[in-house]
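Reading through the structure tokens given below for one structure.
The values are calculated or read from the model by the stated rules, or taken from the named source; none is laboratory data. On a predicted model such as this, the values are computed, not experimentally measured, just so you know. For neighbour counting, all protein chains shown are included, and Cβ atoms are generated from backbone atoms with ideal geometry for every residue, glycine included.
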Amino acid sequence: MLMRRLAQSPAGATMPDHVSSPIVAIDARDAAAAELRGWGRYELELVRALAAGAGAGFDLRVLDHGGPGPELLFEQVKLPWRLRRVHADLVHALNCFLPLVRPCRGVVTIQDLAFEAWPDDFGRVTGRKYRMIVPLAARSAERIICPSQFTRDDLCARYGVDAAKVRVIPLAPALPLATAANATTATPYLLAIGDLRAKKNLGTLVAAFRRLRSGASAVPHRLVLAGVDAGEGERLRALAGGEPVQITGYVTDSRLDVLIRGADLVVHPSRYEGFGLVLLEAMTRGTPVAAARATALPETGGDAAAYFDPADADDIATVVGSLLHNPPIRAELARRGRERAAEFSWERTARETAAVYRELL
């Protein structure tokens, strides 16, 4: 287990050891993952922005490794012991699993409640852990951070949490921007980013893509599915019925950046999202977006995306097809998207998170 010290002065420089500041311990273990995904990116970018100055006035202690043994044992037993040892004034669990018995005040970030809404997307043991610990952590916490109003409302409705202690703090684009020119391709393509969990809804998207490829107004595009394991995509290939669907497996940040930039359209058909970071990543790069009219996605995308019913393959095909056949509308969405994405930054996320710490300290 490692607790790195990131003591900050107002200018972001390291403070002398004799300066006494409130100690804030941050559980950011997912930021150390070899293949960063949603939570890991949130944790990494938040910690960086806090350390760069937004966390001024706090002695930040960042935990990036839990050590051997079961995670639950660490989170509920070893972590509280560590908090006592460093005399922490506050702990922030970035991954839902706040210690229920702790020696200091607690803040917990809850990105979404997909494990409640889509339980079959989780393994039996993992899902049981979420459904057992997260409601208790939410009720135990002095403050809860959610990335969207949708998650806040879902949390309060499901668990009876007092809305007064919940703060909505949005995320921001996290995928590094490449400096090289975009790769070119002879075949235009649509891009979806996700995995084979049912909530990601890629099967319905593939069914819609087959419709887009047929008839008098058929599109010449292929469909690229980034993030889907190439060895587990046979069902999607079968659904495609021979139409050009490319399954990439996990892609590096630089490769994903190129894929987003080169797409004519990013399509996000997910039926449940607590925020929808994919939308902002595309908008930042000037790539137009079509997304599900569901959960937090309209809240994140605002009027800078086109929306469809994620349960209706015909509606997906209609909305996506109308965009592909109308370049001026895509250009307008790209313009709005850049403006929308510019409203979000990790400096803002960290500043508003530090304000939550100050409420308690």
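Would you confirm, using the coordinates I've provided, whether PHE150 is in contact with a Ser or Thr (Cβ under 7 Å, 6 or more places away or on another chain) and at pLDDT 95 or above?
The answer is yes for PHE150.
Of all the residues that make up the range 119-139, how many are of a type outside the set (A, V, I, L, M, F, W, C) and surrounded by fewer than 16 Cβ atoms within 10 Å (Cβ to Cβ)?
The total comes to 8.
For a quick check of your reading: which strands (runs of 3 or more DSSP E) sit entirely within the range 1-74 and have at least 2 residues that are more than 27 Å from GLY194 (Cα to Cα) and modelled with pLDDT under 80?
Here the list reads 2-7.
With the structure loaded, tell me whether LEU196 is assigned to a helix (DSSP H, G or I), of a type in the set (A, V, I, L, M, F, W, C) and within 21 Å of the chain's Cα centre (by Cα) or whether it fails that test.
no
Does ALA355 count as of a type in the set (A, V, I, L, M), farther than 17 Å from LEU190 by Cβ and not assigned by TED's automatic domain parsing to the domain that holds ALA198?
yes
Yes/no matrix, rows are residues, columns are (1) of a type in the set (Lys, Arg); (2) touching a Gly at 6+ places or on another chain (Cβ under 8 Å); (3) within 17 Å of VAL206 (Cα to Cα); (4) surrounded by 22 or more Cβ atoms within 10 Å (Cβ to Cβ):
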site: ARG293; (1), (2), (3), (4): yes, no, no, no
site: LEU297; (1), (2), (3), (4): no, yes, no, yes
site: THR300; (1), (2), (3), (4): no, yes, no, yes
site: ASP303; (1), (2), (3), (4): no, no, no, no
site: ALA311; (1), (2), (3), (4): no, no, yes, no
site: ASN326; (1), (2), (3), (4): no, no, no, no
site: ALA331; (1), (2), (3), (4): no, no, no, no
site: ARG338; (1), (2), (3), (4): yes, yes, no, no
site: THR349; (1), (2), (3), (4): no, no, no, yes
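Enumerate the pairs (first residue in the range 183-201 and assigned by TED's automatic domain parsing to the domain that holds PHE115; second residue anywhere and at pLDDT 90 or above and of a type in the set (Phe, Trp, Tyr)) with beta-carbon separation below 6 Å, excluding pairs fewer than 6 apart on the same chain, so at least 6 apart or on different chains.
none
Only strands (runs of 3 or more DSSP E) wholly contained in the range 90-182 count here; list those with 2 or more residues that are within 23 Å of TRP346 (Cα to Cα) and among the β-branched types (Val, Ile, Thr).
Passing ranges, in order: 105-109, 143-146, 166-168.
The rows are residues; the columns are (1) of a type in the set (D, E, K, R); (2) crowded, with 23+ Cβ neighbours inside 10 Å; (3) under 24 Å from LEU177 (Cα atoms); (4) touching a residue at least 40 places away in the same chain (Cβ under 8 Å).
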position: ALA263; (1), (2), (3), (4): no, yes, yes, yes
position: VAL278; (1), (2), (3), (4): no, yes, yes, yes
position: VAL289; (1), (2), (3), (4): no, yes, yes, yes
position: TYR307; (1), (2), (3), (4): no, no, no, no
position: ALA317; (1), (2), (3), (4): no, no, no, yes
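Of everything in the range 297-343, what is outside any helix (DSSP H, G or I) and either within 23 Å of ASP257 (Cα to Cα) or touching a strand residue (DSSP E or B) at 6+ places or on another chain (Cβ under 7 Å) (or both)? Give them in sequence order.
Passing the criteria: ALA305, ALA306, TYR307, PHE308, PRO310, ALA342, GLU343.
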